[in-house]
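Below is one structure, written out as C-alpha cells, with a few remarks after it.
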Amino acid sequence: MGISYKLGATPRCEAMMQSRWGVAPTKALSIAMFRYFVTTFCLFFSLACRSDENRYKVTYVYDGDTVKLRPIHANNAKNDVKLRIKDIDAPERNQDFGLKSRRALIELCVGKNIVANAQITGLDKYHRALGKLQCNNTDASLYLAERGLAWHYTQYSHDVVIDKAAKNARKQTLGLWVNNNPTPPWVWRRLHSNQP
C-alpha cells in the first residue's frame with residue numbers, strides 16, 4: 001500500500017478508511033453519492049407514479065351516479081373502470097330528473113381540462129367499482145346532493161355532510177324536490193324491473 005497525500009487525508013486516515021470500506025476515500029465518496037442519487041431518483045419516481053395512480057378522465061356518464069373512468073395516461077379502453085359513485089342514488093335516466101342529474105355530472109366531470117380522482121373502496125352487487133369521485137377537486141356526490149339531483153343513499157352511507165346537503169336541497173325545493181313527492185330511484189327500479 002503506497003502512501004499518497006490527498007487534501008485532508010493523512011496516510012494513517014486513508015489506511016483506516018481503506019481497511020474499513022476496502023476502497024480509497026474518493027471512491028467511497030463517489031459510491032455513496034451514487035447510492036444517494038439513485039435512492040433519491042427512485043423515491044421521486046415512485047411518488048410521481050403514485051400521484052397518477054388514482055387520476056382518471058371521465059370518458060362516459062351513464063347516469064347521475066355511474067361513470068366510466070380511464071386512467072390519466074392510458075390511450076385505450078383496456079384499463080377503463082365503471083365506477084358507481086358512493087353515498088348517493090341519482091334518478092335513473094328514464095325517471096324524472098334523471099337526464100338533469102346526468103347532465104350535471106357531465107358538466108362537472110367531462111372535459112379536456114378536467115381530471116377526476118377516484119378512491120375505489122370495493123365492488124357493488126353488479127360488480128362495478130364503488131368509490132368516491134372528485135372532479136377538479138369537487139366531490140361529485142356532494143355536488144349532486146346540494147343541487148337536489150340525487151338522494152343521500154342512507155341504506156349504504158352515513159356521510160353527515162352529504163346527508164345535510166340533501167336535506168338542505170329538499171328544504172329549499174331544489175332540483176327533484178320541486179315535486180311534492182319524488183319517487184326515489186330504488187323504488188323506481190323495483191317498479192320498473194320487468195322493463196327491458
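Could you check, for the stretch 107-130, whether at least one of its residues is outside any strand (DSSP E or B), small (G, A, S) and in contact (Cβ under 8 Å) with a residue 60 or more places away in the chain? Let's see the steps before the verdict.
Within the stretch 107-130, the subset outside any strand (DSSP E or B) is 107-115, 124-128.
Those still in the list that are small (G, A, S) too: 111.
From what is left, the residues that are in contact (Cβ under 8 Å) with a residue 60 or more places away in the chain are none.
No.
State the number of residues belonging to the stretch 169-194 that are assigned to a loop (DSSP other than H, G, I, E, B) and not hydroxyl-bearing (S, T, Y).
Narrowing the stretch 169-194 to residues assigned to a loop (DSSP other than H, G, I, E, B): 172-174, 179-184, 192-194.
Within this subset, residues satisfying the condition of being not hydroxyl-bearing (S, T, Y) are 172, 174, 179-182, 184, 192, 194.
The qualifying residues number 9.
Are any residues in the stretch 97-106 of a type outside the set (S, T, N, Q) and not in a loop (DSSP other than H, G, I, E, B), and if so, which ones? I'd like the intermediate steps shown before the answer.
First, pick out the residues of the stretch 97-106 that are of a type outside the set (S, T, N, Q): 97-100, 102-106.
G98, L99, K100, R102, R103, A104, L105, I106, listed by residue number.
Okay, residues lined up against (1) in contact with a strand residue (DSSP E or B) (Cβ under 8 Å, 6 or more places away or on another chain); (2) polar (S, T, N, Q); (3) modelled with pLDDT of 95 or more; (4) surrounded by 12 or more Cβ atoms within 10 Å (Cβ to Cβ):
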| residue | (1), (2), (3), (4) |
| --- | --- |
| R12 | no, no, no, no |
| W21 | no, no, no, yes |
| F45 | no, no, no, no |
| V58 | yes, no, yes, yes |
| L69 | yes, no, yes, yes |
| A77 | yes, no, no, no |
| P91 | yes, no, yes, yes |
| V110 | yes, no, yes, yes |
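Just the residues that are modelled with pLDDT of 95 or more, over 14 Å from the mean Cα position of the chain (by Cα) and not in a strand (DSSP E or B), please, taken from the stretch 79-89.
Correct list: D87 only.
The values are calculated or read from the model by the stated rules, or taken from the named source; none is laboratory data. Predicted, not measured: the structure shown is a model, and the values here were computed from it. Every residue, glycine as well, gets a Cβ built from its backbone with ideal geometry; the counts of neighbours run over all protein chains shown.
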